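Since every read-out is calculated from the coordinates, none of them should be taken as a lab result. Please read all numbers here as calculations on a predicted model, not as lab measurements. Neighbour counts are summed over all protein chains in view; Cβ atoms, including those assigned to glycine, are modelled from backbone coordinates with ideal geometry.
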Amino acid sequence: MAAEAVAGRGPFARGGPLTTRRALGSLYPEAVHIVVPADSPIRTVDDLRGKRVDVGAPGSGTRHSAVAVLAAHGLGARDLREASESGGAEAARRLLAGRLDAFFTTIAPPARGLQALAARPGMRLLALSSHSISRLIAENPGLMAMTLPVNTYPGQREPIATVATAALLVGTTDVPDAEVEKVVGFVFARANLVATGSAEGIKVSKGSALRGITIPLHPGASRFVGGRS
């Protein structure tokens, strides 16, 4: 989505390119989850053809990823019985009520809402094939391969291969280099994010601070995460 914003594409086409946006670093991966009821006959993304699927709210990262995943399998909105755009908790409620067959959500695992859904009454996640993952990464530079280990969610007995996008820390070109360098130095080296209540904080590190970045890096950030500090 950051790349779309800088280029002025997709949901940012009307407002024009946000050319002053710069990456300060990559924080942690957010995995594409494709959720179906535990007892659903749906086993692969191809099985979503003709089904009721929530692809995420308009303009969201979930929507962007869902469209890419469906396209990698030769599917589009026209191939679905219903392509709703509720997103998030509302999509989960509709799934529970039997009004949806599947929904996409792009979020850092394990997501609390999905943990609760998996515990009662149960859910399954669809895995992506190695071929589709390779195609997605080749066609969407912002995506990376990711595997959700067994028991990431209650009842998950097999690892789930999927793709993920990076949650980015973003600033603008008018922020002074010295200020940016202090911020990224604190976030990626000195801050104890886990102690402040961030479950994702353990994933934030200088070693992965360049992973998944699709927009220009701020000069102040490059001095630290680029390896020159």
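Overview of results
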quantity: Hey, residue 8 without any contact (Cβ under 8 Å) to a residue 12 or more places away in the chain and in contact with a Ser or Thr (Cβ under 9 Å, 6 or more places away or on another chain) or not; calculated: yes
quantity: In the stretch 49-90, the residues that are crowded, with 21+ Cβ neighbours inside 10 Å, out of contact with any Gly (no Cβ under 9 Å at 6 or more places or on another chain) and touching a residue at least 60 places away in the same chain (Cβ under 8 Å); calculated: 69, 72
quantity: Any hit, the stretch 183-190, residues being surrounded by 13 or more Cβ atoms within 10 Å (Cβ to Cβ), among the small types (Gly, Ala, Ser) and in contact (Cβ under 8 Å) with a residue 12 or more places away in the chain; calculated: yes
quantity: Subset of the stretch 4-41 [surrounded by fewer than 18 Cβ atoms within 10 Å (Cβ to Cβ), among the hydrophobic types (A, V, I, L, M, F, W, C) and touching a Pro at 6+ places or on another chain (Cβ under 8 Å)]; calculated: 7, 38
quantity: Counted residues, the stretch 102-124 - those being touching a residue at least 12 places away in the same chain (Cβ under 8 Å) and over 15 Å from the mean Cα position of the chain (by Cα); calculated: 10
quantity: Count of the stretch 85-103 residues which are under 25 Å from residue 166 (Cα atoms) and either among the hydroxyl-bearing types (Ser, Thr, Tyr) or in contact with a strand residue (DSSP E or B) (Cβ under 6 Å, 6 or more places away or on another chain) (or both); calculated: 4
quantity: Selected residue (only one of 99, 93 is surrounded by fewer than 17 Cβ atoms within 10 Å (Cβ to Cβ), farther than 11 Å from residue 36 by Cα, basic (Lys, Arg) and without any contact (Cβ under 8 Å) to a residue 24 or more places away in the chain); calculated: 93
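A quick yes/no check of all residues on (1) in contact (Cβ under 8 Å) with a residue 40 or more places away in the chain; (2) part of a strand (DSSP E or B); (3) β-branched (Val, Ile, Thr):
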| site | (1), (2), (3) |
| --- | --- |
| 134 | no, no, no |
| 141 | yes, no, no |
| 144 | yes, yes, no |
| 158 | no, no, no |
| 169 | yes, yes, no |
| 174 | yes, no, no |
| 180 | yes, no, yes |
| 196 | no, no, yes |
